[in-house]
Amino acid sequence: MIDSPLLERTEGFIGGRWTAGDSGKRFSVLNPATGEELAQCPVMGAEETTAAIEAGKKALRLTPPFSIDQRRQWLEGVRDALKAEKREIGRILCLEHGKPLKEAEGEVDYAASFFDYCARYVDQLAPHTIPEKPKDCEWTVHYQPIGVVGLITPWNFPIGMIAKKLSAALAAGCPSVIKPAEDTPLTMIAAFQAISRHADLPDGMINLVMGPPKPIGDVLCEHPDVPMLSFTGSTGVGQHLIRATADRVKKLSLELGGNAPFIVFDDADVDSAVEQLIANKFRGGGQTCVCTNRLYVQAGIAGEFADKLAARVSALRVGDGMDEGTDIGPLINQAGFDKVRRHVSDALAKGGTLLAGTHPDELPESGSLFYPPTLVTGVMPDMACCHEETFGPLIPMATFETEEAVLQAANDTDFGLASYLFTADKARAERMISALRFGHVGWNTGTGPTPEAPFGGFKLSGIGREGGVEGLFEFVEPQTVPRGS
Ligand code: NAP
């Protein structure tokens, strides 16, 4: 069991109080590296979610709304709380998710940077006036908090994903009801503990419920006092939320799945592209929405690229995230492991060549979640890895001849989150960028989202943006007040 000063109570948090709710039941949180039980958390459901919404309603202040200065103080307080407890939150994150400790601590810094960004830009949400000369009217635009919001997050960034949502919700003055993934609730509990120690938020401003998703999700979808849900997770669940909130016409911010192409033209700097790909693909063990899902290399450099990449992939060290020198931790659970194995088996059965990694038949059926980093070449469009998100350490490599062909292949997906393009030719890059139907196009970089820029998906990858000034406006309702003379 985990022992941490931030986990003295592994419970939910409603109206400023820790609570286990009424079910009396608990679920286990496991360390994916060892299978050890880290903690037990309360199974909460409809009743607790309703109580959390009520607490949020009490915290919501419309007349007068919370001032910009007040909101800035909250944001700075949360930022400082995360920074003060970075080491311990990072350790908990590493233990329950499996990613290397340094990466886990980096995620805490990343989370803090969203609160910092919103604190610096929150005054963009102050009212402003617009004159309308012909009617001699003056219009004021107010950015009203939309109300109590539901924030639902996945396990792959246990603190990063909530930071993007909570920072913008606090900037808008919206109380929230937060539901973390069942695989990784401990990081969120630790963050709540840190926030309640270091920051001064009104009771009910942030509430935490956990447990099986359906009863909690159903209340958030149906409750009339929750006008908005912000969700990060799979496209399937996102589609369910669209349907389940249709009758109440709720606002949805959806950060959903991806199928990122990584395109390398033969004029690119091969060594740099290989390094960028390694960093992009294997962060979080390949379990990120922005990581490369398909690699396309132009035929002229394909052999050189594959050899260099295979050497780098084979050198990656897989192990417990707590061990010094680990590059890649375990996958989150058996279902995640089985999906990667299925994609590798399918690619090999359809003619792919294993250039780095272990043949799936040689891997244990169960008992270990460590999947060897794998490179398969000779990848064709009918392989599962080209049209499903693998969410694990597999690089499937295809080759291409022309710009038109790779563009067609890259866009041949229902998803449109991240993509990457490596070329030294500016004119070609500009053509490609405008034709790639993805919300993020890294040009000669594999870097992902940052607080300063809006991030989100085209097509089935989502609705709305997180980060940037655009993200700051996600949780407000603009209200216009024309005033006659
Ligand atoms: P998931 O299964 O959709 O779960 C995400 C969250 O939704 C979890 O908290 C889950 O709870 C909850 N949930 C499941 N069913 C629900 C329901 N009926 N009502 C309300 N909530 C429900 O996704 P995941 O496997 O955790 O995450 C991986 C996916 O997230 C990938 O597709 C990835 O691409 C995507 N992702 C996207 C972004 C982005 O920025 N676009 C970022 C990160 C991840 P439980 O965990 O308790 O089941």
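The values are calculated or read from the model by the stated rules, or taken from the named source; none is laboratory data. Because the structure is predicted, anything quoted here is derived from the model rather than measured. In this analysis, Cβ positions are derived from the backbone assuming ideal geometry, glycine residues included, and neighbour counts consider all displayed protein chains. These accessible areas exclude ligands, DNA and RNA; they are computed on the full protein's heavy atoms, side chains included. Shrake-Rupley method; radii C 1.70, N 1.55, O 1.52, S 1.80 Å.
Straight-line reach from LYS350: which lysines have Cα under 26 Å away, leaving out those fewer than 8 places along the same chain?
Partners found: LYS281, LYS308, LYS339.
Which number comes out as Rg/Rh for segment 185-342 once both Rg and the Kirkwood Rh are worked out on C-alpha atoms?
1.08
At 7 Å along Cα-to-Cβ for each site, give me the label-to-label distance between SER23 and ARG87 in nm.
With each label point 7 Å from Cα toward Cβ, the separation is 3.5 nm.
Taking θ = phi - 60°, what integer Hz values does the Karplus form 6.51 cos²θ - 1.76 cosθ + 1.60 yield along segment 422-432, in sequence order, with x for Gly and Pro?
10, 7, 8, 8, 5, 5, 5, 4, 5, 4, 5
Return the Rg/Rh ratio of segment 260-450 with Cα-based radii and a Kirkwood Rh.
With Rh from the inverse mean 1/r over Cα pairs, Rg/Rh is 0.95.
Please list ARG120, ARG483, ARG71 in order of solvent-accessible area, largest first, computed with a 1.4 Å probe with all protein chains present.
Reading off the accessible areas and sorting them downward yields ARG483, ARG120, ARG71.
Which value, in Å² and to the nearest 10, is the accessible area of TRP443 when all protein chains are kept and the probe is 1.4 Å?
90
Taking amide H positions as placed in the peptide plane 1.01 Å from N, state which residues far from ALA39 in sequence (5 or more) or on other chains have amide H under 5 Å from it.
It is ILE2, VAL29, by chain and number.
Pull up all non-local amide H partners of VAL376: gap of 5 or more, or a different chain, and H-to-H distance under 5 Å with H placed in the peptide plane.
LEU355, ILE395, MET397
For n ≥ 4 DSSP H runs only, could you compute -39500 (n - 2.57) per run for the chain, divide by its residues and tell me the 222 nm figure to the nearest 500?
-12000 deg cm²/dmol
Rank these by accessible area, largest first, 1.4 Å probe: TRP155, TRP139.
Result, largest first: TRP139, TRP155.
On the Cα set of the chain, report Rg and Dmax in Å, please.
Here Rg and the maximum Cα pair distance are 23.2, 80 Å.
Output wanted: per-residue J couplings in Hz (rounded whole) for segment 133-148, from phi through Karplus 6.51 cos²θ - 1.76 cosθ + 1.60, θ = phi - 60°, x for Gly and Pro.
Whole-Hz 3J(HN,Hα) from phi for segment 133-148: 4, x, 9, 6, 10, 10, 9, 10, 9, 9, 9, 7, x, 5, x, 6.
Can you list the residues, at least 5 places off or on another chain, whose amide H is less than 5 Å from the amide H of GLN144, using H built in the peptide plane?
Under 5 Å from the amide H of GLN144: GLU477, GLN479.
Can you flag which of LYS25/LYS57; LYS214/LYS251; LYS179/LYS214 are past 22 Å Cα-Cα?
Where the Cα-Cα span goes over 22 Å, the pairs concerned are LYS25/LYS57.
Can you give the accessible area of ASP382, probe radius 1.4 Å, in Å² rounded to 10?
Only protein atoms counted, so the area is about 90 Å².
Quick one: what are the phi-derived ³J(HN,Hα) couplings along segment 272-278, Karplus 6.51/-1.76/1.60 with θ = phi - 60°, whole Hz, x for glycine and proline?
So the J values, rounded to whole Hz, are 5, 4, 4, 5, 5, 5, 4.
Do you know the relative contact order of the chain, to the nearest whole percent, from alpha carbon pairs under 8 angstrom that are 6+ apart?
18
In µm²/s, what is D for segment 293-368 at 37 °C and 0.692 mPa s, where D = kT/(6 pi eta Rh) by Stokes-Einstein and Rh is the Kirkwood radius from Cα pairs?
Using the Kirkwood radius from Cα pairs, D works out to 228 µm²/s.
What length, rounded to one decimal in nm, is gained on full extension from HIS359 through to ASP307, with 0.36 nm per residue of separation minus their alpha-carbon distance?
Between HIS359 and ASP307, full extension yields 16.9 nm more.
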